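Novice: Structure provided below as structure tokens; questions to follow.
The numbers here are math on the coordinates, done by the rules we state, and not lab data. Note that this is a predicted model, so its numbers are computed, not measured. Quick reminder, even Gly has a Cβ in these numbers, built from the backbone with ideal geometry, and neighbours come from all protein chains shown.
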Amino acid sequence: MSRPELQAPPEIYYGDTEAKKYTQNTRNQQIQADMTYRALELLALPPDQPAYILDIGCGSGLSGEILDEEGYIWAGVDIAPSMLEIALEREVEGDLFLQDIGQGFGFRPGSFDAAISISVIQWLLNAETSHPTSSPPHRLQRFFTTLHSALRNPSRAVLQFYPSSDDQIQLITTIAQKAGFGGGIVVDYPNSKKAKKVFLCLFVGGGGAQQMPQGLEGEEEDDSKARFERRREREKAKAKHGKRKNIKDRDWILKKKELYRKRGKEGVPKDSKYTGRKRKAVF
Amino acid sequence: MVRLITHNLLACHAKDCNTNNFPLAFKDAQLEIREAEFNPEFLKGFLPKIEWTALVDTARQLGDTSLPLEQPEMLDDEFLKNLHHVLLEIHVEEGSMTCPNCGHVYPISNGIPNMLLAEHEIG
Ligand SMILES: C[S@@+](CC[C@H](N)C(=O)[O-])C[C@H]1O[C@@H](n2cnc3c(N)ncnc32)[C@H](O)[C@@H]1O
Ligand SMILES: [Zn+2]
């Protein structure tokens, strides 16, 4: 099979069926989780300090769930409605946007403390979307310029992606630099066909004081596997304890609505038997 | 799940729409309130990023009058709790956001704003 980004536009490729398959596949969950942890490591945010993070191409929330667990507040954008719908079902805590990153962002300057993107930006090189679009270099330029401005100074963005040639890496890094970013490419396990991973590690500001991180060498560590297993145990434990904390029970919502009505707010939804129920997304 | 924390950072990104393009105006907003973990450190770190007037105005439009017109210098617990509620617990589930400059309407469905632009709006 050829690479996904050569087969169809992203919002078509990640339709209902593929989005479900992608999200439920445990092997895939592990790979995406590993890369998210590694991206966080490369971000090198100050420990124990809260941060507001942008997840670019957040999909069904596999990367966002880790941001939740690590205690970060985040917003995610993705072009595929079916992926976002699953993210809603999985009750991730980030704010979600239906957005084509090739059209650029509208976030005010300095909005985010960091950005991550896991397995996404190769899509900007290869496929058109079914929405209005422009050439890949133009889309990349729009993406990097508006991302640069949305990030705080100093900060970092770490974008793992799957380039299909050195030319592609060259094109991406050149456009990122033109947009004002410092930094460059970090390759983990460069000699392993299976474990090799490419991270674009971008810096905003810092006056050149930001140190380029080193790629990992040798064979993939078992370490990451252990980390993933621990996480699944935690998930299971959480599931056992019932509802997650942010899901409000009906009484609580009714009480809040009452309060809003008292404050004179119009358009507070009427209470119904659906109040406080989990919603299903429809686009 | 548009919360005011994100709304307060969001300007219109249509082509050549660079001034007076913030804040986007909510219309027909349907709200859901969901409790979130109170994190005063996060709030203090986030305060400098906030456009205060836009936040207070938007919160009032949505029926929450708990925030003072002027950002207080003393960050007491009551203020931080109100700020926490406004930024992180009010979710706009349905409705739309309109750009005050170019008039582009970003519809919100199931808590997800559609930020896609039309061909002539791409920068
Ligand atoms: C392999 S998935 C990764 C999802 C998530 N980051 C994870 O780790 O599971 C790639 C995602 O990129 C999104 N994507 C592709 N092109 C995009 C674009 N132009 N704008 C926004 N999202 C895009 C797809 O919709 C898909 O959800
Ligand atoms: Zn506008």
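Novice: Could you tell me whether any residue of region B:59-80 is assigned to a helix (DSSP H, G or I), of a type outside the set (A, V, I, L, M) and crowded, with 20+ Cβ neighbours inside 10 Å?
Specialist: Within region B:59-80, not a single residue is assigned to a helix (DSSP H, G or I), of a type outside the set (A, V, I, L, M) and crowded, with 20+ Cβ neighbours inside 10 Å.
Novice: Follow-up. Given the conditions (1) within 11 Å of ligand 1 (Cβ to nearest atom); (2) more than 11 Å from the chain's Cα centre (by Cα), which single one is not true for A:Gly106?
Specialist: That leaves (1) as the condition not met.
Novice: Residues B:Lys15, B:Lys27: which one is closer than 22 Å to A:Ser149 by Cα, surrounded by fewer than 21 Cβ atoms within 10 Å (Cβ to Cβ) and either in contact with a strand residue (DSSP E or B) (Cβ under 8 Å, 6 or more places away or on another chain) or not hydrophobic (A, V, I, L, M, F, W, C) (or both)?
Specialist: One residue alone meets the criteria, B:Lys15.
Novice: Give me the residue from region B:5-31 that is assigned to a strand (DSSP E or B) and at the interface with chain A (Cβ under 7 Å from one of its Cβ atoms) and, out of that set, nearest to ligand 1 (Cβ to nearest atom).
Specialist: B:Leu10
Novice: I'd like the residue in region B:101-117 that is assigned to a loop (DSSP other than H, G, I, E, B) and within 16 Å of ligand 1 (Cβ to nearest atom) and, out of all such residues, is surrounded by the fewest Cβ atoms within 10 Å (Cβ to Cβ).
Specialist: Ranking the candidates gives B:Leu116 first.
Novice: Now for a different question. Just name the residue that is surrounded by the fewest Cβ atoms within 10 Å (Cβ to Cβ) out of those in region A:86-100 that are assigned to a helix (DSSP H, G or I) and more than 8 Å from chain B (Cβ to nearest Cβ).
Specialist: A:Glu89
Novice: Here's a follow-up. Of everything in region A:44-71 that's surrounded by 14 or more Cβ atoms within 10 Å (Cβ to Cβ) and away from ligand 1 (no atom under 16 Å from the Cβ), which residue is farthest from the other protein chains (Cβ to nearest Cβ)?
Specialist: Checked region A:44-71; the qualifying residue farthest from the other protein chains (Cβ to nearest Cβ) is A:Ala44.
Novice: What is the one condition in (1) farther than 18 Å from B:Gly111 by Cβ; (2) touching a His at 6+ places or on another chain (Cβ under 7 Å); (3) within 9 Å of chain A (Cβ to nearest Cβ) that B:Phe38 does not satisfy?
Specialist: Failing condition for B:Phe38: (3).
Novice: B:Thr98 versus (1) away from every other protein chain (no Cβ under 13 Å); (2) surrounded by fewer than 19 Cβ atoms within 10 Å (Cβ to Cβ); (3) free of Cβ contacts under 8 Å to residues at least 60 places away in the same chain: which is the lone unmet condition?
Specialist: Status for B:Thr98: all satisfied but (3).
Novice: Need the failing condition index for A:Lys20 against (1) on the phi < 0 side of the Ramachandran plot; (2) in contact (Cβ under 8 Å) with a residue 60 or more places away in the chain; (3) under 13 Å from the mean Cα position of the chain (by Cα), just the number.
Specialist: If we test A:Lys20 against (1) on the phi < 0 side of the Ramachandran plot; (2) in contact (Cβ under 8 Å) with a residue 60 or more places away in the chain; (3) under 13 Å from the mean Cα position of the chain (by Cα), just (3) comes out false.
Novice: Here's a follow-up. What are the residues in region A:101-111 that are closer than 16 Å to A:Leu159 by Cβ and facing chain B (nearest Cβ under 8 Å), if any?
Specialist: Listed by number, the residues that qualify are A:Gly104, A:Phe105.
Novice: Which residues, counting only those in region B:70-95, are within 13 Å of chain A (Cβ to nearest Cβ) and not aliphatic (A, V, I, L, M)?
Specialist: B:Asn82, B:His84, B:His85, B:Glu89, B:His91, B:Glu93, B:Glu94, B:Gly95
Novice: All but one of (1) touching a helix residue (DSSP H, G or I) at 6+ places or on another chain (Cβ under 8 Å); (2) within 16 Å of ligand 2 (Cβ to nearest atom) hold for A:Gln99; which doesn't?
Specialist: (1)
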